[in-house]
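In what follows, a single structure is set out as structure tokens and then discussed.
The values are calculated or read from the model by the stated rules, or taken from the named source; none is laboratory data. What you see is a predicted model, and the numbers here were worked out from it, not measured in a lab. Using ideal geometry, Cβ is built from the backbone for each residue, glycine included, and neighbour counts are taken over all protein chains shown. Ligands, DNA and RNA are stripped out before the accessible areas are found, and what is left, the full protein with its side chains, is counted by its heavy atoms. Shrake-Rupley method; radii C 1.70, N 1.55, O 1.52, S 1.80 Å.
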Amino acid sequence: MTKYVVSYSLDYAHEVHVGIEAENEEKALEKAANAFDEGTIWDDTPEMPLLYDEFEEIKGGYLEFNIESAVEAFPKPDASVIQMKQDNQARTACRMLVEAFEQSKIDVDDMPSSLSEALIDVYAIACQAIGAKG
């Protein structure tokens, strides 16, 4: 059997909303454009909170499959795939941490204060990462 690299693409719109404080609309647009150009618009800072970030297929777009190449062996995954896998693993680790923390009988009062504070902080971050209430 021959190995093929097959691709598909979809037309989509990427819409992002950020909060910007500025003297006027023109300055707000300028700040947003600069943040986009610098790659910081997605940083979600108190000065520029990320409010919305969504990809949506464009109606009327079409799905088309293409053969990119026939290969002897499949190439290594692109950085985008590696990042997606790392993100999924991080969410899984957060879920596991939250479950372990909630199911354990750990008494943080019996731990050294620096360890108990760190554990509580990590638990809170993990809850936030998976959308759980901690």
Tally, over the stretch 46-57, of residues that are over 12 Å from Glu15 (Cα atoms) and open to solvent by 50 Å² or more (accessible area, probe 1.4 Å) = 2
So Ala32, is it closer than 25 Å to Phe65 by Cα and open to solvent by less than 70 Å² (accessible area, probe 1.4 Å) | no
Just need a number here: residues in the stretch 85-105 that are under 13 Å from Ala129 (Cβ atoms) and among the hydroxyl-bearing types (Ser, Thr, Tyr).
-> 1
All positions within the stretch 65-98 that are open to solvent by 100 Å² or more (accessible area, probe 1.4 Å) and outside any strand (DSSP E or B) | Glu72, Phe74, Lys76, Met84, Lys85, Gln89, Arg95, Met96
Of the residues in the stretch 13-38, those that are of a type in the set (A, V, I, L, M, F, W, C) and either in contact with a Cys (Cβ under 8 Å, 6 or more places away or on another chain) or farther than 14 Å from Pro49 by Cα (or both) come to Ala13, Leu29, Ala33
Scanning the stretch 33-59 for residues that are touching a residue at least 12 places away in the same chain (Cβ under 8 Å) and either over 20 Å from the mean Cα position of the chain (by Cα) or part of a strand (DSSP E or B) (or both) gives Leu50, Leu51, Tyr52, Asp53, Glu54, Phe55, Glu56, Glu57, Ile58
How about the stretch 1-29: which of its residues are open to solvent by 70 Å² or more (accessible area, probe 1.4 Å), under 24 Å from the mean Cα position of the chain (by Cα) and free of Cβ contacts under 8 Å to residues at least 40 places away in the same chain?
-> His17
Residue under evaluation Tyr62, criteria (1) assigned to a loop (DSSP other than H, G, I, E, B); (2) open to solvent by less than 100 Å² (accessible area, probe 1.4 Å); (3) in contact (Cβ under 8 Å) with a residue 12 or more places away in the chain; (4) of a type in the set (Ser, Thr, Tyr), criterion not met | (2)
